[in-house]
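Read the figures in this text as sums done on the coordinates, not as results from a lab. Note that this is a predicted model, so its numbers are computed, not measured. With ideal geometry, Cβ positions are generated from the backbone for all residues, glycine too; neighbour counts draw on all protein chains shown.
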Amino acid sequence: MVGNIIFIGHVSMDWVKNVNGVRIQPGGAALYAAIAARTLLKDVRAVSVIGRDYKFMNVLKLFDSEHVKVFNMPSTRFHIQYNEQWEASYLKVNYGAGARITASTIPVKEFGADDIVHLSPMRSTKVEKIVNKIREESPDTAISINTWINYIKEGRKARNILKKLALKTDFFILNDSEAKALTQTDSLSSALRLLKAKMLIVTLGELGAIISGDNSGIQMVPALKVPIGKVVDTTGAGDTWCGAFLAAYKLTSNIMKSITTASIISSIMCSDWSFNSLKNLEFRKPEDVIEYVIALKEGGLQKRISDYTKSASK
């Protein structure tokens, strides 16, 4: 039995401005991760809270979203602006209905030993309560955590909680800047020595990722260069990486193959606004993702996209 992957976190309406223009689009870390996982797995669920003003309900119909609750209050909104180097500035953050995501709203009784629960970035105190509840009521469920540098910067208490959670969960995922911020060091190699986790995964963007675990030691997995052409929007790239990684790992139990798959799917996502480039993709197995990249390099872009859309697979 493959089991489900459950993504817990924010589903938002985002205002995004970059060198390619301005868009109001669906977003939120949990939604990006769920959409990415859905390119490989059918059993994908989301747990979140949105407001009655949410304008992208059609997106939620793409996967099992029965635990996305609707409250009579404004939806979560992020205003994000990128410079020419694709560095993000969060001009406005309004959590709105997303603040109602709590340990008590998590359907832990439905989680099983074959499931993976992924906690998208939220405040460390909230994540800790959710993790504790899952560990108490469904101890065999695998847990993955991804964090965000703004939550790390909330102070020593937040950092200490996150470092403890790294040892209590099965996957602890963050990028290199976040790893250094969490350990209060300017050196990634020092951060890797200081961070202790069952499975630590530090993403390095276009360079790939570094993994460190009890049984694996420290290893680097280079990213494949994906010939996607123009980068249109990088919003949610890290969250997309997490969702694709977990789906591939669920199918293969192979860390290296899963990291490669995640890097490719994250790159594909950046070729269009939001997750438009992923919505209709359906890979039967992670090996298909590698084949997809080979076809792109050989100039078969239009053919390969049609090969892996949901309409073609029916």
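Summary of computed values
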| read-out | value |
| --- | --- |
| Burial ranking of peptide ranges 159-171, 5-17 (average Cβ count within 10 Å, highest at the top) | 5-17, 159-171 |
| Relative contact order of segment 5-313, defined on C-alpha pairs under 8 angstrom at six or more residues apart (%) | 16 percent |
| Lys, Arg +1 and Asp, Glu -1 on Cβ, resulting dipole of the chain about Cα centre, debye, nearest 20 | 640 debye |
| Gap separating the Cα centres of segment 76-141 and segment 187-246, nearest whole Å | 19 Å |
| Unit charges at the beta carbon, dipole of the chain: most positive-side option, Gly98, Gly213, Ala34 | Gly98 |
| Exposure proxy order (Cβ contacts within 10 Å, fewest to most) of Ile116, Ile265 | Ile116, Ile265 |
| Efficiency of FRET between Trp86 and Arg193 - r from beta-carbon atoms, R0 25 angstrom, step 0.05 | 0.30 |
| Pairs beyond 26 Å (Cα-Cα), from Lys55/Lys285; Lys69/Lys92; Lys250/Lys279; Lys198/Lys225; Lys163/Lys230 | Lys55/Lys285; Lys198/Lys225; Lys163/Lys230 |
| Cα convex hull of segment 1-102 - mean projected area over all directions, nm² | 7.2 nm² |
| Amide proton proximity set for Asn175, modelled H, under 5 Å, gap of 5+ | Thr203 |
| Nonlocal amide H pairs with Val68, under 5 Å, H built at 1.01 Å | Ser48 |
| DSSP beta bridges in segment 5-313 [antiparallel fraction, %, rounded to 5] | 45 percent |
| Mean residue ellipticity (222 nm) of the chain, computed from DSSP H runs ≥ 4 via -39,500 (n - 2.57), nearest 500 | -10500 deg cm²/dmol |
| Approximate spin-label separation Leu204-Ser177, in nm, with each point projected 7 Å along Cα-to-Cβ | 1.8 nm |
| Efficiency of FRET between Glu291 and His67 - r from beta-carbon atoms, R0 45 angstrom, step 0.05 | 0.85 |
